[in-house]
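Trainee: Encoded as structure tokens, here's the structure I'll be asking about.
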Amino acid sequence: MTPSSGEVTELLIRWSNGNRAALDKLMPLVYDELHRLARRYMRREHPGHTLQTTALVNEVYLRLVDQTKVQWHNRAHFFGIAANLMRQILIQHARRRHAAKRGGARPSVSLEDAVE
């Protein structure tokens, strides 16, 4: 069952006003759409990507729950922020992966220490 836009907006506003129960009701309603959005982003990634769709949704959920100063306007605002968070997570994941490929785990040595 697809929730109405008004129902989601009402829960978002109540959550913005500090109602934790609204968040608990909201997440099951928006989970499928978040998963579809994540699947769309993951299709654009290289085939051997180590981050899975569900892990991306879970990470977005954790970051959304951590948002305390957002005044949600409506469903579109919520999904816009969720999409932005997904892009940020994928970029951070790629940066960490590329840093590790290029010796990111090695201790850095200053130029002064290298000369000695």
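Trainee: Extending each Cα 7 Å along its Cβ direction at ARG36 and LEU23, get the distance between those two points in nm, one decimal.
Mentor: Going by the 7 Å Cα→Cβ label model, 2.5 nm.
Trainee: Another question about this same structure. Mind ranking 61-68, 86-93, 6-13 by how tightly packed they are, going by the mean number of other C-beta atoms within 10 angstrom, highest first?
Mentor: Order by mean packing, descending: 6-13, 86-93, 61-68.
Trainee: Relative to the longest principal Cα axis of the chain, at what angle does helix 53-65 sit, 0 to 90 degrees, rounded to 10?
Mentor: Compared with the principal axis, the helix lies near 70 degrees.
Trainee: Separate question: To the nearest 10 Å², what's HIS46's accessible area with a 1.4 Å probe?
Mentor: Ignoring ligands and nucleic acids, HIS46 comes out at about 70 Å².
Trainee: Once you place label points 7 Å from the Cα toward the Cβ at GLN88 and ASN74, how far apart are they in nm?
Mentor: 2.4 nm
Trainee: Dipole of the chain (Lys/Arg Cβ +1, Asp/Glu Cβ -1, origin at the Cα centre): which of ALA94, ASN17, HIS46 lies farthest to the positive side?
Mentor: Comparing the listed Cα positions along the dipole, HIS46 ranks first.
Trainee: Further question on the same structure: What is the angle, in °, between the Cα long axis of helix 20-43 and the longest principal axis of the Cα atoms in the chain? Nearest 10 is fine, range 0 to 90.
Mentor: Compared with the principal axis, the helix lies near 50 degrees.
Trainee: Taking the Cα centre of the chain as origin and charging only Cβ (+1 Lys, Arg; -1 Asp, Glu), how large is the dipole, in debye to the nearest 20? Please report the intermediate quantities before stating the final value.
Mentor: On the way: 18 positive and 11 negative charges, 76 e Å.
For the chain, the charge dipole is close to 360 debye.
Trainee: Which whole-number percent is the relative contact order of the chain (Cα, under 8 Å, 6+ apart)?
Mentor: Relative contact order, the chain: 30 percent.
Trainee: In nm, to one decimal, how far is the modelled label at LEU111 from the one at ILE13, with both set 7 Å along Cα→Cβ?
Mentor: Computed distance between label sites LEU111 and ILE13 equals 5.9 nm.
The values are calculated or read from the model by the stated rules, or taken from the named source; none is laboratory data. Since the model is a prediction, treat every value here as computed from it, not as a measurement. We place every Cβ from the backbone using ideal geometry, glycine too, and count neighbours over all the protein chains shown. The accessibility values were calculated without ligands, DNA or RNA, using every heavy atom of the protein model including side chains. Shrake-Rupley method; radii C 1.70, N 1.55, O 1.52, S 1.80 Å.
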